[in-house]
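Asker: Got a structure for you, written out below as structure tokens; questions coming shortly.
Every read-out reported here was derived from the displayed coordinates using simple, explicitly stated rules and does not represent laboratory data. Computed from a predicted structure; not experimentally measured. Counting neighbours? That spans all protein chains shown, and the Cβs are built from the backbone with ideal geometry, glycine included.
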Amino acid sequence: MSESLEKLQKPIATSHVCDGGNLDCGSGLLLVIRRAMEQVPENEVLEIRSTEFSVCNDLPAWCRMTENPYLGWVEGTDTNSFFVRRGGKAEDVNAELAKARNYKFQTRVRWKGELTSTVYARNHSFAVGQPASFDVSDAAPSALEYLLGALGGCLVMGLQMHASRAGVKIEQIELALNGKPDNLLVFLGIEETGHAGLADISGTAYVESDAPLAKIRELWEHTLRVSPVVNTLLRDAKLNLQVHSLD
């Protein structure tokens, strides 16, 4: 990419604005752009805002594929603006959104001995310890701790993402979570009453921001409402888990 050709001296005036916050093209920005572009008449310009500089490299390629001319970008104080002209080619937005709706996350988990297993997800791998442990020190976090960590990570990252799209700057977030099992003795085979899962999850998020507390609470409620992990826990995901022999 030639920055001298694509970096503009001043913004292009347009009434069509799409604020992606800190989304980049790989984390959903293109889906947001596709939906926004539906409302832009042919030959008019869409301004796309994002704090992620990687959009400079990724957006022009998408524009070439979809025949929506890329006009350049302007560096701002808090966010960058990217300008795209609506082309004449009609894109099947619903088809792209359907792909996103039907996307499946995949992991592989391998145990080869000891009290840990290794999880492989995309280009990542991490160790998981016992399902639950009473020890103060283990080689790896327990599965239940990873569950709480996944919930916390989803909420913390979700809050800052939604805040960025709303123009709210957050300096720091810290979330303390507690999970109380119903009865872990069921997992150990000592008792049969109750179940070994978490019966109660509670927590408090501490946010550093110049925004009013009422606005932070509004964003927090929205984050809880749309969180993938919260909805998985609340809506009882259907399980279809089988076992096969490697022989």
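Asker: Once amide H atoms are built 1.01 Å from N in the peptide plane, which residues 5 or more positions from residue 14, or in another chain, come under 5 Å H to H?
Answerer: The answer is none.
Asker: How are the alpha carbon pair distances in region 3-100 distributed across 10 Å bins from zero to the largest one, expressed in percent?
Answerer: 16, 54, 27, 2
Asker: So how much slack lies between residue 121 and residue 15, counting 0.36 nm per residue of separation and subtracting their Cα-Cα distance, in nm? Present the calculation step by step, with values, prior to reporting the outcome.
Answerer: Details: separation 106, 0.36 × 106 = 38.16 nm, distance 4.12 nm.
Full extension from residue 121 to residue 15 adds 34.0 nm.
Asker: Restricting to DSSP loop positions (anything but H, G, I, E, B) with no more than 16 other Cβ atoms inside 10 Å of their own Cβ, which trypsin sites (Lys or Arg not before Pro) remain in region 153-247? Don't skip to the end; give the middle numbers.
Answerer: Values: sites: 165, 169, 215, 217, 225, 235, 238; in loops: 169, 235, 238.
Those satisfying the criteria are 169, 235, 238.
Asker: Here is a follow-up. Compute the acute angle (0 to 90°) between the alpha-carbon long axis of helix 213-226 and the principal axis of greatest extent of the alpha-carbon atoms of the chain; round to the nearest 10°.
Answerer: Computed tilt is about 70 degrees.
Asker: About its Cα centre, what dipole magnitude does the chain give when the only charges are +1 on Lys and Arg Cβ and -1 on Asp and Glu Cβ, stated in debye to the nearest 20? Show your work: numbers first, answer last.
Answerer: Values: 24 positive and 32 negative charges, 140 e Å.
Charge dipole, the chain, about its Cα centre: 680 debye, nearest 20.
Asker: Using each residue's phi in region 192-197, evaluate 6.51 cos²θ - 1.76 cosθ + 1.60 at θ = phi - 60° and report the 3J(HN,Hα) Karplus result to the nearest Hz, with x for Gly and Pro.
Answerer: 10, 7, x, 9, 8, x
Asker: Which one of 243, 87, 141 has its Cα pushed farthest toward the positive end of the charge dipole of the chain, where Lys and Arg give +1 and Asp and Glu give -1 at the Cβ?
Answerer: Positive-end residue among those listed: 87.
Asker: Let me ask something else. Using only Cα atoms and rounding to the nearest 10 degrees, what angle (0 to 90) does helix 143-165 make with the longest principal axis of the chain?
Answerer: 20 degrees
Asker: Angle check, please: helix 55-66 long axis (alpha carbons) against the longest principal axis of the chain (alpha carbons), in degrees 0 to 90, nearest 10.
Answerer: Result, in degrees: 70.
Asker: Could I ask something else about it? Suppose only helical runs count, i.e. DSSP H with n ≥ 4. What mean residue ellipticity at 222 nm does that imply for the chain under -39500 (n - 2.57) per run, divided by all residues and rounded to the nearest 500 deg cm²/dmol? Before the final figure, lay out each step's value.
Answerer: On the way: 7 runs with 78 residues, N = 247.
The helix contribution divided over the chain gives -9500 deg cm²/dmol.
Asker: Could you give the spread of the C-alpha atoms of the chain along their three principal axes, from largest to smallest, in whole angstroms?
Answerer: The Cα atoms of the chain stretch 70, 53, 31 Å along their principal axes.
Asker: Calculate the FRET efficiency for residue 186 and residue 238 from the Cβ-Cβ distance with a Förster distance of 25 Å, rounded to the nearest 0.05.
Answerer: Working from the Cβ atoms, E equals 0.70.
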